[in-house]
Amino acid sequence: MGSLILDGMAIDLHFPPDLETLRAVWLRFATEECGTYTPLYRTICEAVAEHREVLQLTADGPSHARQPNLLLAAAHYLVLRRRSRGASLGDTEPNQTLDELGSIYEAGRGDDAGQAFIAAVLANRSEIVSLLETRFTQTNECGRSAPLALALHAIASANADTAGRRATLALIDAGCSAGLNLGVDRYRVDFGASGACGPEDGTTVSSELTGPNAAKTLPLPDALDCLGWRIGLERAPVDLDDDAAIDWLLACIWPEHGYRLERAVAGFAALRADPPTIVQGDMVDDLSAVIDQAPNDMLVTVLTSWAVAYLRPVDRKRFVEVLHAASMTRPIVWLSMEAPGVVQGLDLPDFVIDSPTSPSLVGSLRFDRGKVEATTLGWTHPHGAWFAPV
C-alpha cells in the first residue's frame, strides 16, 4: 500500500485523525489491496470501515498507527502469541474473542470474520493500543526476492566494465527489517516453466514471469553471483532469537497465506544459521554513514522494498538528497520496489497487468555526480508472486 489517492487528493501513509478519511482508507484497502487476494481481510476491512469506535481507536494513536496494516497485524499478533506461545507464557486464561478469531484465521474464512475481528480488538483494547503505539509495519517478505534477483542481475549487467564483466554490487537494504531480502541469492527462485535460479537447496520462492515482455528476462542466470558485500539498515533490528519479535514479523503476513508464513519461518531459520550484518539506524539520517562503509571497488546499490512508502513526503525528499550527495564521489544506484508515484522520476510501463491487488513498480535510479538516470524494470506483485518486465 503506497500513497493513496482519495477524491483526487494525494495522502501519504501518516493519516490524519479524521474518521471519514480513515473510513475511506479502509474501504480502499479492502477493495484495491485485499480484493480477491485475501477475501478474509477484505471482509474485515469493510467491517472496520463502518465501525466508528475501532476507527477512533486508530485515530487516537500516532499517525503511522492509522495504516490498516498495523491494526490487522496487531490482532494477528495476539492470536499468534496465544496459539504458539500461550502455554510457555503461562497464558491459560480463557480469551473467547481471540480464540474465535484464531479459528477463523486458521480456516481462512468465516461469515462473521468482521465482527469477530472487531470483538477481539475491543476486548483486548489495552494490548492493541500498546502495539499500535510501539510497533511499525515490518513486512519482511521472502517472495520479493524473485523480482529483486532479476533486478539486481540487470543492474550488474547494465553497469558492466569495458571488458563486459558485470559490476560487483555492494548491497544496502534500507529499512531491511530482519534482513530476509539481504539473502536474495540464497533462495531458489522458481519461475515455473520459465526456469529457476539460485541454489537448489535454498528456500524455494515461487513466482511467475508474465506480461508482454516476459521472455526478455530469459535465459535466467544459474545463480545471482553479482553480490560482493551486503548490509542492512534498520530502525528496530530484529533479534532472531526473540520469539516475540519473530511473531510480530509473522503477524504482518496475512493469515490466509499459509504458504507465506511457512516460507518466512524457513527464511528466519536460514538467517539464524548465517545472519546478515544489520546496522541500527534511521534509513535517512544514517544512510550516508553506511554508504561510506561500502568497498570502493563495488557499485553501491541501495535497495528499498516497501520502505520509502512509509516515510513522510519530506523524508522521501531527504532520502533522495542523501543519494545525490553520496554520488558526488562514487556512482550510487537506488533499486526500488514501491507503489507507483513513491519514487519520482520512474516512468510507468506502457502496459497494465490484471491483478487482484495493486501492483508495485520496480525500477532503478543511477546517481552520478549530479546526474540521474532512471530505468523502469517492470511491474511486480507486492509479495513477488509475479514479475512483468518492461
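The values are calculated or read from the model by the stated rules, or taken from the named source; none is laboratory data. What you see is a predicted model, and the numbers here were worked out from it, not measured in a lab. Cβ sites come from the backbone with ideal geometry, for glycine too, and all protein chains shown count toward neighbours. What goes into the accessible areas is simple: the full protein's heavy atoms, side chains included, and nothing from ligands, DNA or RNA. Shrake-Rupley method; radii C 1.70, N 1.55, O 1.52, S 1.80 Å.
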Helix 125-134 versus the longest principal axis of the chain: what angle, 0 to 90°, nearest 10, using Cα atoms?
20
Could the peptides 52-63, 160-171, 180-191 be put in order, highest first, of the mean number of other beta-carbon atoms found within 10 Å of their residues?
180-191, 52-63, 160-171
Nearest-ten-degree value, helix 313-326 long axis tilted from longest Cα axis of the chain:
20
For the chain, the dipole about the Cα centre with charges only on Cβ (Lys and Arg +1, Asp and Glu -1), to the nearest 20 debye, works out at 700
Where the convex hull is taken over the Cα atoms of the chain, what is its projected area averaged over directions, in nm²?
18.9
The answer for the net charge of residues other than TYR41 whose Cβ lies under 10 angstrom from its Cβ, with Lys and Arg +1 and Asp and Glu -1, is -2
Tally the DSSP beta bridges in the range 276-390 and give the antiparallel ones as a percent, rounded to 5.
75
Please figure out what share of the DSSP beta bridges in the range 165-268 is antiparallel and state it in percent, rounded to the nearest 5.
20
Might you tell me the accessible area per residue for the chain, computed with a 1.4 Å probe and given in Å²?
42
Taking the Cα centre of the chain as the origin and placing charges on Cβ (Lys, Arg +1; Asp, Glu -1), which of GLY164, LEU348, THR43 is farthest toward the positive end of the dipole?
GLY164
Amide H of VAL302: which non-local residues (sequence gap of 5 or more, or other chain) have their own amide H closer than 5 Å, using H built in the peptide plane?
ILE172, VAL333, TRP334, LEU335
Counting only protein heavy atoms with a 1.4 Å probe and every protein chain in place, the carbon and sulfur fraction of the accessible surface of the chain in whole percent equals 48
Which percent of the Cα-Cα distances in the range 135-291 go past 28 Å?
23
Bridge type composition, the range 185-334 - antiparallel percent by DSSP, nearest 5
20
Scoring only Lys, Arg, Asp and Glu (+1, +1, -1, -1) among other residues with Cβ under 10 Å from the Cβ of LEU171 yields -1
Given a Förster distance of 35 Å, report the FRET efficiency between ALA163 and LEU348 from their Cβ-Cβ distance, rounded to the nearest 0.05.
0.50
So between GLN293 and ARG272, what do we pick up on full extension, going 0.36 nm a residue minus the alpha carbon distance?
5.2 nm
Working from Cα positions, state the angle (0 to 90°, nearest 10) between the long axis of helix 68-85 and the longest principal axis of the chain.
70
Starting from the Cα gyration tensor of the range 27-134, take the square roots of the eigenvalues, sort them a ≥ b ≥ c, and report rounded, prolate or oblate (rounded when a/c is under 1.5, otherwise prolate if a/b is larger than b/c, else oblate).
oblate
Mean Cβ-within-10 Å packing, highest first, puts peptides 24-33, 41-50 in the order 41-50, 24-33
Calculate the dipole size of the range 242-390 relative to its Cα centre from +1 charges on Lys and Arg beta carbons and -1 charges on Asp and Glu beta carbons; express the result in debye to the nearest 20.
360
Cβ neighbours within 10 Å, averaged per peptide: list 147-153, 290-296, 116-122 in order, most packed at the top.
147-153, 116-122, 290-296
Sum of -39500 (n - 2.57) over DSSP H runs of 4+, divided by residues of the chain (222 nm, nearest 500)
-11000 deg cm²/dmol
Of the options ALA214, SER194, PRO237, report the single residue whose Cα projects farthest towards the positive end of the charge dipole of the range 178-238 (beta-carbon charges: Lys, Arg +1; Asp, Glu -1).
PRO237
Segment ALA107-ARG318, length gained on full extension (0.36 nm per residue, minus Cα span)
71.5 nm
The range 333-368: chymotrypsin sites (Phe, Trp or Tyr not before Pro) falling in loop per DSSP and having at most 12 other Cβ within 10 Å:
PHE351
Cα-based Rg then Dmax for the range 138-221, in Å, read 13.5, 41
Answer with one residue from THR58, VAL25, ALA294: the one whose Cα lies farthest towards the positive end of the charge dipole of the chain, charges on Cβ with Lys, Arg +1 and Asp, Glu -1.
ALA294
